[in-house]
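> Below is the structure I would like to discuss, written out as structure tokens.
The values are calculated or read from the model by the stated rules, or taken from the named source; none is laboratory data. From a predicted model like this one, the values you see are computed outputs, not experimental measurements. We place every Cβ from the backbone using ideal geometry, glycine too, and count neighbours over all the protein chains shown. All accessible areas refer to the heavy atoms of the entire protein, side chains included, with ligands and DNA or RNA removed. Shrake-Rupley method; radii C 1.70, N 1.55, O 1.52, S 1.80 Å.
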Amino acid sequence: MRILITGGAGFLGSHLCERLLSEGHEVLCMDNFFTGRKANIAAHLGNPRFELFRHDVIDPFKAEVDRIYNLACPASPPHYQHNAIKTVKTSVMGAINVLGLAKRVGARVFQASTSEVYGDPEVHPQPESYRGNVNPIGLRACYDEGKRCAETLFFDYHRQNGVDIRVVRIFNTYGPRMLPDDGRVVSNFIVQALRGENLTIYGDGTQTRSFCYVDDLIEGFVRFMESTGLPGPVNLGNPGEFTMIELAEMVLKKVGGKSKLTFHPLPSDDPRQRKPDISLAQSHLGWEPKIPLEEGIERTVAYFKSVVG
Ligand code: NAD
Ligand code: UDP
């Protein structure tokens, strides 16, 4: 198949390019390089089945493709808050553009939505039926509401125009090729520990997150894209739940050194807890994550050792 990946030079996108090329597909990678890097996809530049396009998803894009994975959007809070209005445009106009393309060429289109649609959840763990608790005017709203509106657009194009959609809600995912200055917690802690700096815990560190290793997530993406009978939304994530203090201690155990934990103000609207209910992915896709946090952290530490001086 010929497959378009928007945001293909980013963290998740580059792993997806690699996976789809290894299966023999043609991959069109589109990215504006806001948080993506050519280095992430450099290995494929000589591959005749790979094409790279510097393009912004807020502008229409034309290509004859069978599948579209829409991943274009910065995912880390400091990056998506850097230009909040652009983040809304990327989610909303990006969704309109990929859906318009899918409608025109008859492609199946996949949306990388997020656990952020649940906001600061009052239901725990979060099933897909939970409608969320999002502050529509807070600092995270540009991302959360942008992604919620993109889900709306996906389902309206599906109902109104019969577009074949797949919507996943991704919970925190980590692994090699995250940017050292990405700002998300796993890369921050590992890079700080490797540099011998103190680890920055925001708030009291008792807030929880569930961390999925990238290879597990990509397996879930491909299984869902090629499944039939359900447009989504489907939660994908690892249900193991950890406090930020537990995560910091695990990173320190793996890296060693003399770093200490330091405590900093909690960013506004930072969710207290997050853990996916993955029963739908288990029953519909036969999918569940295989790589425990400790092993994933080891692999990610090995990667950052090779890139952080
Ligand atoms: P990332 O920041 O590494 O990748 C995003 C990619 O999109 C980058 O290559 C960036 O340059 C590109 N991009 C951003 N704006 C664009 C635009 N306007 N036009 C074209 N390209 C643009 O982040 P990631 O972790 O790889 O996330 C990929 C997708 O998955 C995002 O849509 C994100 O919201 C979603 N997601 C990720 C996670 C996670 O934990 N990694 C969790 C939930 C949802
Ligand atoms: N966090 C932290 N130290 C950091 C970066 C993040 O304690 O250096 C916290 C952050 O406040 C949040 C959790 O870690 O409670 C996960 O943050 P991340 O930005 O990775 O993802 P999100 O909040 O979007 O789930």
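> Could you tell me which residue of the range 272-286 is nearest to the chain's Cα centre (by Cα), considering only residues that are over 13 Å from Pro125 (Cα atoms) and open to solvent by less than 40 Å² (accessible area, probe 1.4 Å)?
Ala281
> Please go through the range 167-226 and pick out each residue that is of a type in the set (Phe, Trp, Tyr) and either within 11 Å of ligand 2 (Cβ to nearest atom) or in a loop (DSSP other than H, G, I, E, B) (or both).
To start, the set of residues in the range 167-226 that are of a type in the set (Phe, Trp, Tyr) comprises 171, 174, 189, 202, 211, 213, 221, 224.
Matches in the range 167-226: Phe171, Tyr174, Phe189, Tyr202, Phe211.
> Are there any pairs with C-beta distances below 6 angstrom linking a residue in the range 245-258 that is crowded, with 16+ Cβ neighbours inside 10 Å to a residue that is not in a helix (DSSP H, G or I), with the two at least 6 apart or on different chains, and if so which?
Ile245/Gly205; Ala248/Leu199; Ala248/Leu261
> Separate question: So Gly296 passes all but one of these: (1) within 16 Å of ligand 2 (Cβ to nearest atom); (2) at pLDDT 95 or above; (3) assigned to a loop (DSSP other than H, G, I, E, B). Which condition number does it fail?
Just one mismatch for Gly296, condition (3).
> Quick one: which strands (runs of 3 or more DSSP E) lie wholly within the range 1-110 and hold at least 2 residues that are in contact (Cβ under 8 Å) with a residue 60 or more places away in the chain? Let's see the steps before the verdict.
On the way: elements: 2-6, 26-31, 50-54, 67-70.
Counting at least 2 such residues, we get 2-6, 67-70.
> Limited to the range 227-244, what total is found for residues that are part of a loop (DSSP other than H, G, I, E, B) and at pLDDT 95 or above? Working first, answer last.
To start, the set of residues in the range 227-244 that are part of a loop (DSSP other than H, G, I, E, B) comprises 227-233, 237-241.
Going one step further and asking which of them are at pLDDT 95 or above, we end up with 227-228, 230-233, 237-241.
Total meeting the criteria: 11.
> Could you pull out the residue among Phe304, Phe242 that is open to solvent by less than 10 Å² (accessible area, probe 1.4 Å) and within 16 Å of ligand 1 (Cβ to nearest atom)?
Values: Phe242 fails: open to solvent by less than 10 Å² (accessible area, probe 1.4 Å).
The match here is Phe304.
> When the range 142-166 is examined, which residues are found to be more than 16 Å from ligand 2 (Cβ to nearest atom), of a type outside the set (A, V, I, L, M, F, W, C) and not in a loop (DSSP other than H, G, I, E, B)? Even if it seems obvious, please write down each step before you answer.
Step one: list which residues in the range 142-166 are more than 16 Å from ligand 2 (Cβ to nearest atom), which gives 149-166.
Those left that are additionally of a type outside the set (A, V, I, L, M, F, W, C): 151-152, 156-162, 164, 166.
Hits for the range 142-166 are Glu151, Thr152, Asp156, Tyr157, His158, Arg159, Gln160, Asn161, Arg166.
> Okay, moving on. Looking for something open to solvent by 10 Å² or more (accessible area, probe 1.4 Å), touching a Ser or Thr at 6+ places or on another chain (Cβ under 9 Å) and more than 18 Å from Asp164 (Cβ to Cβ) - is there at least one such residue anywhere in the range 81-93?
Filtering the range 81-93 down to residues open to solvent by 10 Å² or more (accessible area, probe 1.4 Å) leaves 81-86, 88-90, 92-93.
Still in the running and touching a Ser or Thr at 6+ places or on another chain (Cβ under 9 Å): 81.
Now drop any that are not more than 18 Å from Asp164 (Cβ to Cβ), which leaves 81.
Yes, because at least one residue in the range 81-93 is open to solvent by 10 Å² or more (accessible area, probe 1.4 Å), touching a Ser or Thr at 6+ places or on another chain (Cβ under 9 Å) and more than 18 Å from Asp164 (Cβ to Cβ).
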